[in-house]
Each structure stands twice: as structure tokens, then as C-alpha cells.
Amino acid sequence: MEFQFKSAYLQRVYDSVCAKNANEPEFLQAVKEVLISLEPVVARDPSIEQNGIVERIVEPERFVQFRVSWVDDNGKVQVNRGYRVQFNSAIGPYKGGLRLHPSVCASVIKFLGFEQIFKNSLTTLPMGGGKGGSDFDPKGKSDNEIMRFCQSFMTELSKHIGADTDVPAGDIGVGAREIGYLFGQYKRLRNEFTGVLTGKGLSYGGSLARTEATGYGVCYFTQEMLSCMKQDSFAGKTVVISGSGNVAIYATQKAQELGAKVVALSDSNGYVYDPNGIQLDVVKQIKEVERARISEYAKRVPGATYTEGCKNIWTVKCDIALPCATQNELDAEAADTLIKNGVICVSEGANMPCTLEATQKFLDAGVLFGPAKAANAGGVATSGLEMSQNSERLSWSFEEVDAKLKSIMINIFHNAYDASKEYGAEGNLVVGANIAGFLKVADAMKWQGVAY
Ligand code: NDP
């Protein structure tokens, strides 16, 4: 098709993925990025092709689509579409979040599930790749409507998941409230109290530090990247973070603790700029308690301004940019602006927030770049730690979980960096993370054989 691979094998696989999934641009984007990185791997190791690893890894083991009908507060029947992709179970039970957002479709779920395979492998914990969600829009819904939707969603999902089979978690639109309703319904249906979901409340099997984990993890990863590749740190840096949800809030908290000044946050309507540094307690009140819009911040904090339109957040001058909202939120034009304004480091808190063109521009300009599957793996890693605690029927302290998270993130950086070096692309962590994540899964797939 339009892209030319050096390897005829990768070309064949990519062309076939394009032909079979022609209407799934996000999925094709994610596959293309990984396959480009695998050129030196397939060139070095013919057993990858002999075992059909790449054509198997791009095809989900299972993809479930289902109707979710529920009754709104006016007594009207509503219908949404639910999904679960069980992409790869070579190294452990499927693991990956559930997203509730109107943009959810097969392409988005498959891109997220595909990415999750490599991310989970990078954590070094035994977790396969999965993802799910629905095009349900939680915005403006009452608590009761959210509860009824979650119960209906779980009524079908419960047929496909289990503590040793597939363990979902949160993602966009799915936080503590939704996980609680989902868990309650699973337990009601199955009459079993198991660690079938992560991100649970602390009173019923959740892990301390899971809420903070993705945002903290992005900062731990970025700090290590800055330290090893530039002998630098967060201290004294100006940081712009997009989004104002779970990942953005806790990335802000950790960046501030590490001595940076975070000056901007956004939601899908627009962004706030606070030259004095974002006051996180105000953001938490607005987003976590009131579930209101980020524009409220500028009404409450003197000196802060609100600008309509979320994409323009990248025009705010900064040293470090952490896109933590959603896919493809940072395009080539935004990358040019950030580079012109002197950005030294970009780490992806969200999944695939940078377009392929934007990523290439950062790499070409020598900007340190932390790809999502490495930089934001702290969330799923801590979900893995929640699974361990559930299996042990024990709870670890915040400090214990946080210390494990930090060491996992530091290891992920070094594994990705070392792989980039070994395969001739030193410092390119996109390539390094893809290769390091892939090799472990490929090895497990080879050992497990192919079913005839
Ligand atoms: P939340 O729902 O808590 O927050 C999402 C934030 O992103 C909100 O501020 C939301 O604004 C904004 N946003 C969502 N969609 C869009 C859009 N189309 N355009 C602009 N802004 C948008 O989600 P999370 O913080 O949990 O997730 C954020 C990202 O991080 C996602 O890409 C997710 O996949 C990824 N991630 C999350 C993990 C986790 O543990 N939670 C783990 C690893 C990755 P609004 O309120 O206006 O919709």
C-alpha cells in the first residue's frame, strides 16, 4: 500500500492488515508504528517469519461486540454499543482498560488493545493485551444512569472475563465510580468475589497508589529519561499537560513534587493557562468532586486565563510537554510550534496522543521522546500489582506500591533504551519500546506453538 517497508515479510503483513481493516485508521496507525520498528528484528531473526509471529500478533485472538441497552431517568430506552478485544494472551491473562466516550468504535478499541500487548510486556508483569469500552457518553448523565449503564454493560461483559482470563480496568470516562458499579454487577451475576477488575475502591480490594499510578509513572519515566539522556531533571522546568482527568491530574502532582512548574491543563473544550503554576487543589475540586469544566479554574484563580479550543494548548511555551488527554491530540503543526518554542522533552501520558508525523518531528529535532507504551505503563503495572495483592488477599502500603511503580518505570526506560541501542537506533525509544515489548511476547508465542 502507501508505505514501503524494507522487509518483504512486513510489507505483506501490513498490506494484509490494511486490506482487512480498511476503515480503521487508528488501528492501522498503531500497527504501522510497531511494524516499522520491527525491521531490524525480522532482519536478524528469521524464526519470527517462520513462526508467523507478526501476522498472528496483528490479529486479535477474540473481538466481542455487543448491545448495551439501558433505561434513562425519563424512562426512555437507550442503546449503546459495547466492545471487548482480547488481543493477545501469550504472556498472561488479557489486561486493559474500558473506555466510555462517544468516539469509541472498533478501530479505537483495536488500536488500544494492540498497544496494550507491548505495554504490558514492557512492565515485566505477566499480563496479556486487551481493551474494551462503549460509545456511551458519561457527560451529563446522573449517577443512576451511569449505574444502570454499567450494570447492563457488565451483564454481557461478565460472560467473557474472569480473574484468570481477562481483567479490565479504567480508562477515559471510567474511574472509581464506574469500576464500583461494574464490580458490583459482576459479583451479583457470578456470586464470586474475585479480582476481576482493577482500579477498585480501597474498601473492596483496590490498591493504594493505583489512582495516582499512570500520572506518577509518566513522571518517573520522564525523570529517568531526562537524567540518563540529558543529565537533566524536572527541577525548574516549565511544563504543559493536556487533559485534566486521572492521568493529567497526577502527572501534574508528581511534576510539581519534582520541582517543575505546570502552567497549563485542558479538557475537550479548551485550556487554562496559569503563569503562577496550576493550583492542583482547585483542579481536583472542579474535576474530581464537581465533575465540571476546566474553564471554571480561570473563574476561581486570579491571573489564570481560559482559551476556547483544546488544540491550542501546544502554543503555550514550555520545556516539557506531557500530552495526557487522548489519541492524535498533538499533530505535526503542534509539534513544529513546540519545537520552535524550545521544548526539550515530550512524554506521552495518553495513548498515541502524537500523530506519526509529530513523533517523527520530535525525533528529528533531537527532542527526548517517551512513547506511550513505555511512558504511561505505570497504570497497568500498578493494576498488575493490584492483581498480585488480590491473589495474596493482602494489601500493601502506599509507599511499597509507589516504590515498586518507580522501579518498574525506571526499568522500562532502560529496557527500551538498551533495545534501541542494540538494534542500531540509540535513543529512539519508540523503536526501543516496540522491540523490547515485542521480543518477550514473540518468544512466548513461539514456545506455545500454533493450533492446527
Ligand atoms: P479521564 O476520563 O480521567 O480524562 C480524560 C481527559 O482527556 C479529560 O480531561 C477529557 O476532557 C480529555 N479528553 C478526552 N477525550 C478528548 C478529546 N477527544 N479531545 C480533547 N480532550 C479529550 O481519562 P484518563 O486520564 O484516564 O485517560 C487519559 C488518557 O490516558 C487516555 O488516552 C487513556 O487511554 C490514557 N491512559 C490512562 C490510564 C489510566 O490509568 N487511567 C493508563 C494508561 C493510559 P473532557 O472531560 O472534556 O472529555
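The values are calculated or read from the model by the stated rules, or taken from the named source; none is laboratory data. Fair warning: this is a prediction, and the values are worked out from it, not measured in the lab. So basically every Cβ, Gly included, is an ideal-geometry build from the backbone, and we count neighbours across all protein chains shown. Heavy atoms of the whole protein, side chains included, go into the accessibility calculation; ligands, DNA and RNA do not. Shrake-Rupley method; radii C 1.70, N 1.55, O 1.52, S 1.80 Å.
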Filtering region 95-120 down to residues that are buried (at least 24 other Cβ atoms within 10 Å of the Cβ) and without any contact (Cβ under 8 Å) to a residue 60 or more places away in the chain yields Val104, Ile109, Gly113
Per the filter on region 335-353, residues assigned to a loop (DSSP other than H, G, I, E, B) and small (Gly, Ala, Ser) are Gly342, Gly349, Ala350
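Look through Ala298, Ala321 and report the one residue that is outside any loop (DSSP other than H, G, I, E, B) and over 28 Å from Leu112 (Cβ atoms). First the steps, then the outcome.
Values: Ala321 fails: over 28 Å from Leu112 (Cβ atoms).
Result: Ala298 is the single residue among Ala298, Ala321 that is outside any loop (DSSP other than H, G, I, E, B) and over 28 Å from Leu112 (Cβ atoms).
Would you check which residues across region 46-65 are part of a loop (DSSP other than H, G, I, E, B) and touching a helix residue (DSSP H, G or I) at 6+ places or on another chain (Cβ under 6 Å) and list them?
Within region 46-65, the first condition is being part of a loop (DSSP other than H, G, I, E, B), and the residues that meet it are 46, 51-52, 58-61.
Asn51, Val58 - these are the residues of region 46-65 that are part of a loop (DSSP other than H, G, I, E, B) and touching a helix residue (DSSP H, G or I) at 6+ places or on another chain (Cβ under 6 Å).
Check whether at least one residue in region 394-403 is away from the ligand (no atom under 16 Å from the Cβ), among the hydrophobic types (A, V, I, L, M, F, W, C), surrounded by fewer than 21 Cβ atoms within 10 Å (Cβ to Cβ) and closer than 21 Å to Lys230 by Cβ, and report yes or no.
As a first pass, look at region 394-403 and keep what is away from the ligand (no atom under 16 Å from the Cβ): 394-400, 403.
From what's left, among the hydrophobic types (A, V, I, L, M, F, W, C): 394, 396, 398, 403.
Now narrow it down to the ones that are surrounded by fewer than 21 Cβ atoms within 10 Å (Cβ to Cβ): 394, 396, 398, 403.
Filter once more, so that each one left must be closer than 21 Å to Lys230 by Cβ: none.
No: region 394-403 contains no residue that is away from the ligand (no atom under 16 Å from the Cβ), among the hydrophobic types (A, V, I, L, M, F, W, C), surrounded by fewer than 21 Cβ atoms within 10 Å (Cβ to Cβ) and closer than 21 Å to Lys230 by Cβ.
Can you tell me which of Lys200, Lys261 is basic (Lys, Arg) and within 14 Å of the ligand (Cβ to nearest atom)? Outline the logic, then answer.
Working: Lys261 fails: within 14 Å of the ligand (Cβ to nearest atom).
Lys200 is the lone residue from the list that is basic (Lys, Arg) and within 14 Å of the ligand (Cβ to nearest atom).
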Has region 139-152 got any residue that is more than 16 Å from the ligand (Cβ to nearest atom), at pLDDT 95 or above, open to solvent by 10 Å² or more (accessible area, probe 1.4 Å) and within 17 Å of Ala251 (Cα to Cα)? no
Pick from region 1-45, criterion without any contact (Cβ under 8 Å) to a residue 24 or more places away in the chain, among the aliphatic types (A, V, I, L, M) and in a loop (DSSP other than H, G, I, E, B), ranking: least open to solvent (accessible area, probe 1.4 Å): Ala22
Do you know which residues across region 172-196 are open to solvent by less than 40 Å² (accessible area, probe 1.4 Å) and within 13 Å of the ligand (Cβ to nearest atom)? Gly173, Val174, Gly175, Glu178, Ile179
For Ser134, state whether it is over 30 Å from Ala451 (Cβ atoms), under 18 Å from the mean Cα position of the chain (by Cα) and open to solvent by less than 10 Å² (accessible area, probe 1.4 Å). yes
In region 249-256, is there at least one residue being open to solvent by 10 Å² or more (accessible area, probe 1.4 Å), outside any helix (DSSP H, G or I), touching a Gly at 6+ places or on another chain (Cβ under 8 Å) and on the phi < 0 side of the Ramachandran plot? no
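So for region 363-386 (the condition being without any contact (Cβ under 8 Å) to a residue 24 or more places away in the chain, open to solvent by 10 Å² or more (accessible area, probe 1.4 Å) and within 18 Å of Met225 (Cβ to Cβ)), does at least one residue qualify? Break it down into steps so the answer makes sense when it comes.
We begin by selecting, within region 363-386, every residue without any contact (Cβ under 8 Å) to a residue 24 or more places away in the chain; these are 364, 366.
Within this subset, residues satisfying the condition of being open to solvent by 10 Å² or more (accessible area, probe 1.4 Å) are 364, 366.
Right, trim to within 18 Å of Met225 (Cβ to Cβ) and you get 364, 366.
Checked against the condition, which is being without any contact (Cβ under 8 Å) to a residue 24 or more places away in the chain, open to solvent by 10 Å² or more (accessible area, probe 1.4 Å) and within 18 Å of Met225 (Cβ to Cβ), region 363-386 yields at least one hit.
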Of the listed residues (Leu208, Leu202, Leu197), the one being at pLDDT 95 or above and touching a Pro at 6+ places or on another chain (Cβ under 7 Å) is Leu197
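Return the residue satisfying two criteria in turn: it lies in region 66-90 and is assigned to a strand (DSSP E or B) and small (Gly, Ala, Ser), and of such residues it is most open to solvent (accessible area, probe 1.4 Å). If you could, list the steps in order and put the result at the bottom.
Kept after step one, since they are assigned to a strand (DSSP E or B), are these residues of region 66-90: 66-71, 77-88.
Still in the list and also small (Gly, Ala, Ser): 69, 82.
Values: Ser69: 52, Gly82: 0 Å².
Filtering region 66-90 for residues that are assigned to a strand (DSSP E or B) and small (Gly, Ala, Ser), the one most open to solvent (accessible area, probe 1.4 Å) comes out as Ser69.
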Only one of (1) within 15 Å of the ligand (Cβ to nearest atom); (2) open to solvent by 30 Å² or more (accessible area, probe 1.4 Å); (3) not hydroxyl-bearing (Ser, Thr, Tyr) fails for Asp319. Which number is that? (1)
On the given criteria, is His101 more than 27 Å from Ala374 (Cβ to Cβ) and of a type outside the set (Phe, Trp, Tyr)? no
Within region 141-197, residues being in contact with a strand residue (DSSP E or B) (Cβ under 9 Å, 6 or more places away or on another chain), of a type in the set (A, V, I, L, M) and assigned to a loop (DSSP other than H, G, I, E, B) number 4
